[in-house]
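What follows is a short report on a single structure.
The values are calculated or read from the model by the stated rules, or taken from the named source; none is laboratory data. Note that the structure is a prediction, hence the values are computed from the model and not measured. So basically every Cβ, Gly included, is an ideal-geometry build from the backbone, and we count neighbours across all protein chains shown.
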Amino acid sequence: MSCDALSDKLTGYLDGELAPRDVEEVEVHLRRCVTCGARVERERRLRRAVQTELTPLQAPEPLRARLRTAIQSEVTPARRRWVPAWAAAAAALVIGLAGGWRLASRQGERGPASTLAMEVVAGHVRSLQERHLTDIESSEHHTVKPWFAGRLDFSPPVPDFAARGYPLAGGRLDYLGERQVAALVYRRRQHVINLFVWPSAAPAAAASSASERGYHVVSGTAGGMTYWAVSDLNAAELGQFAQLVANELHGGSAGS
Amino acid sequence: MEPLNAIAGNSRSRGGVLDAATAARFEQTALPHLDAAYTLARHLLRNEQDAEDAVQEAFLRAIRHFDGYRGGDMRAWVLTIVRRSCYTWLRRHRGERETTEFDETIHHAPAAVEDPEAQALHGALREALAQAIAELPVEFREVVVLRDVQGLSYGEIAEVVGIPIGTVMSRLSRARQRLQRALPIEDYRRN
């Protein structure tokens, strides 16, 4: 076997990757061929130099962290067919009403704010009735907030009110009118609070509250965001919750 | 490369593709090969930022195909996807980076040497080797990196690159010949 024909196999021999039959063929040749012996030796030294000098690289920590976040953001069932145990009572109450709650579309008789209030309540009821409360279920602000990145054209504030007795349950995408909004879900005992937020160029406005179809609704504008909180929770506590939201938004945390 | 957020957001209207258990399994089995993935991407693309983008895109692709992954060598699977992302990038930017870019970090990868004089010698050798490898045509470069930097077997390299084992061997042989012509043998000797 000529040296040229064996050239590739010399590499395989050096790397210990040859079949035994080929190993024998190479060794027979090397016993009589000084040139190929020298070639193998040079290649062995080159290989060792590369192995020693070019160690594998470490991926930068920020890259690793971004990937972890990306993995987490992929974890969302398309639609959940259940509500958490704590919200079961609220959901049952909605189901128990006349089946097929319909949003009355008497837009001509009411002003835009009332229409929006009706839509907010409809969104709240739908989230319970369809058992689609959250796309991302977590009580961690650090998990919920980044989940919205890439899914909304704005970054919603996701305040943490657990210390005040209004723990976060998660978030989802929702629609009000033509606009895609963030829906943040909070708890108060067994009550579900849906907090809808979206950016607004309107000036800051004090919260206004209303009652719609037996649900309480509080809304306002602060820190560049319009917020609507809706719940079957009593008006006083929902107002307290809304005040926390307004303070948080005023505090400049919006978009952070 | 698309930014990470755009990749994550635009493939479906609502919700994700994994349950929590699968995501955890992915993190446990695939993420350990991030360093290997990054190493390959850095050598193929010769640029830190491009390599990061390619690795991000590759891992997102890997997540979405994870349900279809039926076992086998996870490292090889990850590297296959990363290599494909890198080649996509290379095709897209053909001609933009014709000259070898001097990738500082590859040339100054840490080495466990205490003697400063030996360190200087090591540094020069490392730079020379890194430069020679960076100048190899990509199909030669990748087999050298996969074998001599990352220690994959011929069989694993064949799987990642998608060529027969015999071709791995001949390509590696020719790649090492080219490196030797670029760096005369005296340079490998250490005092």
I want to confirm something. Restricting to the stretch A:156-175 and keeping residues that are within 14 Å of chain B (Cβ to nearest Cβ) and either not in a strand (DSSP E or B) or not acidic (Asp, Glu) (or both), which single residue is farthest from the chain's Cα centre (by Cα)? A:175
State all residues of the stretch A:195-211 that are exposed (fewer than 14 other Cβ atoms within 10 Å of the Cβ) and either among the aliphatic types (A, V, I, L, M) or in a strand (DSSP E or B) (or both); if no residue qualifies, say none. A:201, A:202, A:205, A:206, A:208, A:211
Filter result (more than 7 Å from chain B (Cβ to nearest Cβ) and touching a residue at least 12 places away in the same chain (Cβ under 8 Å)) within the stretch A:40-50: A:40, A:44
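Residues are listed down the side, and each one gets a yes or a no for (1) hydrophobic (A, V, I, L, M, F, W, C); (2) within 25 Å of residue A:153 (Cα to Cα):
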| site | (1), (2) |
| --- | --- |
| A:196 | yes, yes |
| A:205 | yes, yes |
| A:223 | no, yes |
| A:231 | no, no |
| A:246 | yes, yes |
| A:249 | yes, yes |
Sort through B:130, B:118, B:124 and tell me the only one that's buried (at least 18 other Cβ atoms within 10 Å of the Cβ), part of a helix (DSSP H, G or I) and at pLDDT below 95. B:130
Pick out the one residue from A:17, A:53, A:27 that is at the interface with another protein chain (Cβ under 7 Å from one of its Cβ atoms), modelled with pLDDT of 95 or more and out of contact with any Pro (no Cβ under 8 Å at 6 or more places or on another chain). A:17
When every residue in the stretch B:23-80 that is part of a helix (DSSP H, G or I) and among the acidic types (Asp, Glu) is compared, the one surrounded by the fewest Cβ atoms within 10 Å (Cβ to Cβ) is B:67
Of these, B:70, B:61, B:83, which one is at pLDDT 90 or above, over 22 Å from residue A:137 (Cα atoms) and basic (Lys, Arg)? B:83
Whether any residue in the stretch A:71-80 is among the aliphatic types (A, V, I, L, M), modelled with pLDDT of 70 or more and crowded, with 20+ Cβ neighbours inside 10 Å is what I want to check. yes
Pick from the stretch B:86-106 the residues that are at pLDDT 50 or above and under 15 Å from the mean Cα position of the chain (by Cα): which of them is farthest from residue B:156 (Cα to Cα)? B:103
